[in-house]
Amino acid sequence: MTTMLLPASRPAPAGPRPLRWTCAEFHRSGDLGLFEGRRALLIDGVILEQGPMNPPHAITLGLVEEALRTAFGPGWWLRQQSPLILGHDTDPEPDLAVVPGRPRDYAGHPTSADLLVEVADSSLDFDTNEKRLLYAGAGIREYWVVDINGRRLLLDRDPQAGDYATQQAFGPADAVSPLAVPSAVVRVADLLM
């Protein structure tokens, strides 16, 4: 009698699955020019591409930076559309991140900020939903969305349990004070075109 050995059964191969990127892979690919001319960001391991920046967005971003530079003064670094590492696989590259200190105080990309600002025209839904939850989950204590079309500032504060406990909207006649510099006053009209 001969004994025949049957091959060991193997689990069926899994079907296609998403390839998740890490921040290191994302940045290395960027260094190699993969995203040249594109506005790429990494959210939960997925690379997203934003459309080209239109003039109202660029102008509003400049106005926001100018107003916040005045409000925050020296000792703060305003990073425009730069990496902000919020985890192993998340780099949302916010429109503006205000971090304490100066550029030479950092050996790598910051992992938090005292204030994050997004300028929203076509991205309002994404900025007020996915990004809001992402920033709250990362413990960013203050998040602003400048709504170009609605001519308002949406302000989120006090991250708790993955969302912000305080959410407010301000119009052009209003003014706000950033949590990190409560003595400063930022007029909403100064942020809008």
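The values are calculated or read from the model by the stated rules, or taken from the named source; none is laboratory data. As the structure is a computational prediction, the values presented were derived from the model and not from experiment. Heads up, the Cβs are rebuilt from the backbone with ideal geometry, glycines too, and the neighbour counts pull from every protein chain shown. For the accessible areas, the whole protein counts, side chains as well, though only heavy atoms, and no ligand, DNA or RNA atoms are used. Shrake-Rupley method; radii C 1.70, N 1.55, O 1.52, S 1.80 Å.
Failed condition for Ala67, given (1) open to solvent by less than 10 Å² (accessible area, probe 1.4 Å); (2) in a helix (DSSP H, G or I), with all others met?
(1)
Given the criteria closer than 20 Å to Val185 by Cβ and aliphatic (A, V, I, L, M), does Leu84 qualify?
It is false that Leu84 is closer than 20 Å to Val185 by Cβ and aliphatic (A, V, I, L, M).
State all residues of segment 159-168 that are more than 20 Å from Val188 (Cα to Cα) and open to solvent by 70 Å² or more (accessible area, probe 1.4 Å); if no residue qualifies, say none.
Gln160, Ala161
Within segment 6-62, how many residues turn out to be polar (S, T, N, Q) and modelled with pLDDT under 90?
Final tally of qualifying residues: 2.
Taking the residues in segment 54-66 that are in contact with a strand residue (DSSP E or B) (Cβ under 7 Å, 6 or more places away or on another chain) and either of a type in the set (A, V, I, L, M) or in contact (Cβ under 8 Å) with a residue 60 or more places away in the chain (or both) as candidates, determine which candidate is farthest from Val99 (Cα to Cα).
Step one: filter segment 54-66 for residues in contact with a strand residue (DSSP E or B) (Cβ under 7 Å, 6 or more places away or on another chain), giving 57, 60-61, 64-65.
Okay, now just the ones that are also either of a type in the set (A, V, I, L, M) or in contact (Cβ under 8 Å) with a residue 60 or more places away in the chain (or both), so 57, 60-61, 64.
Working: His57: 22, Thr60: 20, Leu61: 17, Val64: 15 Å.
Going through the qualifying residues, I end up with His57.
Identify the residue in segment 80-104 that is more than 17 Å from Leu42 (Cα to Cα) and touching a residue at least 24 places away in the same chain (Cβ under 8 Å) and, among all such residues, is nearest to the chain's Cα centre (by Cα).
If we take residues in segment 80-104 being more than 17 Å from Leu42 (Cα to Cα) and touching a residue at least 24 places away in the same chain (Cβ under 8 Å), then Val98 is nearest to the chain's Cα centre (by Cα).
For the structure I just gave you, tell me whether Arg187 is touching a residue at least 24 places away in the same chain (Cβ under 8 Å) and out of contact with any strand residue (DSSP E or B) (no Cβ under 8 Å at 6 or more places or on another chain).
no
Given the conditions (1) open to solvent by 60 Å² or more (accessible area, probe 1.4 Å); (2) closer than 22 Å to Met53 by Cβ; (3) at pLDDT below 95; (4) out of contact with any Gly (no Cβ under 8 Å at 6 or more places or on another chain), report the number of the one that Ser123 does not fulfil.
Of the numbered conditions (1) open to solvent by 60 Å² or more (accessible area, probe 1.4 Å); (2) closer than 22 Å to Met53 by Cβ; (3) at pLDDT below 95; (4) out of contact with any Gly (no Cβ under 8 Å at 6 or more places or on another chain), the odd one out for Ser123 is (1).
So which residues in segment 74-101 are part of a strand (DSSP E or B) and within 15 Å of Tyr135 (Cβ to Cβ)?
Scanning segment 74-101 gives Arg79, Asp91, Leu96, Ala97, Val98, Val99.
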